[in-house]
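A short worksheet on the structure shown next.
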Amino acid sequence: MKKYLFIFVVILFVGCFTEDKTEKNIASVPIDFEIIRFDKIFGTANTKDIPELKRKYPVFFPIQYHDSIWVQKILDTLQQQLYREVINKFPTDEKLHSDLLSLFQHIKYYFPQFKSPLVITIISDVDYKNKIITSDSLLIVSLDTYLGINHPFYDGIPKYFSQNMKESQITPDIATSYAKQLISKPQHRFFLAQMIYFGKELYLKELWLPHISDAEKIGYTKDEFKWVEENETEIWRNFVENEILYSTDPKLTARFLNPAPFSKFYLEIDNDSPGRVGRYMGWQIVRSYMKKNPVKIHQLLMQDANQIFKKSKYKPKK
């Protein structure tokens with residue numbers, strides 16, 4: 001017994017040492033980027049500033065819109081109120097810069113071709129379905145979609161969306177956006193392939209956001225995450241017994257993958273469950289695959305869903 005305990009302690013120590021060494025290496029990755037607070041710039045502008053703003057920030061001023069639109073926007077009292085709320089919540093960008101520095105360092109460590117973007121913060125009229133926009137060289141963050149779960153501006157927005165409209169969700173949302181740039185869409189239409197697509201996304205977030213809870217990575221509350229952990233075996237049994245892993249039924253996406261107030265097993269447990277349980281299960285399969293197969297992260301992203309599933313030898317937690 002003492003022998004096995006000693007081996008366990010050695011393995012645990014080596015694992016922690018390796019993780020600490022990796023994090024130290026990541027912390028030394030050089031990253032340089034700029035944050036432009038366009039929310040402040042536009043929020044403090046007057047109508048005479050419009051020509052100069054259009055010249056400096058053409059991406060925010062589509063040519064098909066007449067200047068009268070921007071005049072109206074500057075003078076709009078609701079816009080002014082939005083601006084005040086954003087400035088009250090985000091008076092400086094120090095925390096955002098710190099969080100993004102860590103995220104960008106982690107991305108570049110695993111993907112050396114990554115180039116840090118120009119970061120621009122905006123007010124988007126609470127466009128909560130497009131909180132983050134990324135391109136090769138640009139990252140746009142809508143700060144008015146992160147004012148806090150119970151903010152009055154979010155009245156009428158479904159709770160399963162508004163529960164993630166908080167400051168702590170900015171970095172996970174940005175990580176999601178960059179992960180999607182690296183993961184190819186599923187080659188197959190069956191449900192398992194879609195699950196593993198989201199599993200890859202969450203595994204990347206696991207690498208990039210080591211100091212953020214698993215619940216925040218997937219966008220669950222603590223209670224929701226506890227529920228999926230405790231019911232992992234039942235979820236898996238339901239998927240297997242109902243033969244949905246290789247089903248191409250498009251309704252499965254809405255039932256188990258898309259944002260929703262709950263997952264639709266069509267059982268009594270539905271109202272207790274969070275939405276998107278298929279993403280969680282895909283994550284566990286990918287985790288199991290990476291534990292049992294010594295492959296690089298790039299190989300994981302290229303690997304076929306069927307091969308990942310077979311080689312994962314996944315078994316739900318007891």
- Answer from Gln113, Gln79 - the residue that is loosely packed, with under 13 Cβ neighbours inside 10 Å and at negative phi: Gln113
- Restricting the range 82-100 to residues that are under 24 Å from the mean Cα position of the chain (by Cα) and among the basic types (Lys, Arg), the one surrounded by the most Cβ atoms within 10 Å (Cβ to Cβ) turns out to be Lys89
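Inspect all residues belonging to the range 31-41 and state whether any of them is at pLDDT 95 or above and more than 26 Å from Thr176 (Cβ to Cβ). Break it down stepwise before answering.
The initial filter retains those residues of the range 31-41 that are at pLDDT 95 or above, namely 31-41.
Still in the list and also more than 26 Å from Thr176 (Cβ to Cβ): 41.
For the range 31-41, residues at pLDDT 95 or above and more than 26 Å from Thr176 (Cβ to Cβ): present.
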- Output the residue which, of all residues in the range 286-307 that are among the β-branched types (Val, Ile, Thr) and under 22 Å from the mean Cα position of the chain (by Cα), is surrounded by the fewest Cβ atoms within 10 Å (Cβ to Cβ). Ile297
- Query: Got a number for residues in the range 49-100 being closer than 20 Å to Asp125 by Cα, of a type in the set (Asp, Glu) and either outside any loop (DSSP other than H, G, I, E, B) or touching a Pro at 6+ places or on another chain (Cβ under 7 Å) (or both)?
  - Reply: 2
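Taking Phe262, is it under 13 Å from Phe239 (Cβ atoms) and buried (at least 17 other Cβ atoms within 10 Å of the Cβ)? So that I can check it myself, show each step before the final result.
Numbers: under 13 Å from Phe239 (Cβ atoms): no; buried (at least 17 other Cβ atoms within 10 Å of the Cβ): yes.
Criteria not met by Phe262.
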- Query: Quick one: would you say Ser213 is free of Cβ contacts under 8 Å to residues at least 60 places away in the same chain, out of contact with any strand residue (DSSP E or B) (no Cβ under 7 Å at 6 or more places or on another chain) and not assigned by TED's automatic domain parsing to the domain that holds Ile133?
  - Reply: yes
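Being on the phi > 0 side of the Ramachandran plot, of a type outside the set (Gly, Ala, Ser) and either surrounded by fewer than 17 Cβ atoms within 10 Å (Cβ to Cβ) or at pLDDT below 95 (or both), is that true of even one residue in the range 101-110?
Here is the first cut: in the range 101-110, the ones on the phi > 0 side of the Ramachandran plot are none.
No - not one qualifying residue is present in the range 101-110.
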- The one condition Tyr109 fails out of (1) out of contact with any Phe, Trp or Tyr (no Cβ under 8 Å at 6 or more places or on another chain); (2) within 16 Å of Ser177 (Cβ to Cβ) is (2)
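Condition first: over 14 Å from Gln194 (Cβ atoms) and surrounded by 15 or more Cβ atoms within 10 Å (Cβ to Cβ). Now tell me which residues in the range 265-285 satisfy that.
So in the range 265-285, the residues over 14 Å from Gln194 (Cβ atoms) come out as 265-275, 284.
Correct list: Phe265, Ile269, Ser273, Pro274, Gly275, Gln284.
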- Quick one: count up the residues across the range 121-139 that are of a type in the set (A, V, I, L, M) and either over 22 Å from Leu209 (Cβ atoms) or outside any strand (DSSP E or B) (or both). 3
- Task: Report the residue count in the range 242-258 for those that are in contact with a helix residue (DSSP H, G or I) (Cβ under 7 Å, 6 or more places away or on another chain) and surrounded by 15 or more Cβ atoms within 10 Å (Cβ to Cβ).
- Result: 6
- Message: Could you check the range 140-165 and list, in sequence order, the residues that are over 14 Å from the mean Cα position of the chain (by Cα), among the hydrophobic types (A, V, I, L, M, F, W, C) and not in a loop (DSSP other than H, G, I, E, B)?
- Response: Ile140, Leu143, Phe153
- Item | the range 270-299: number of residues that are touching a residue at least 24 places away in the same chain (Cβ under 8 Å) and under 25 Å from Thr233 (Cβ atoms) | 19
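The values are calculated or read from the model by the stated rules, or taken from the named source; none is laboratory data. Since the model is a prediction, treat every value here as computed from it, not as a measurement. Cβ: placed from backbone, ideal geometry, glycine included. Neighbour counts: every protein chain shown.
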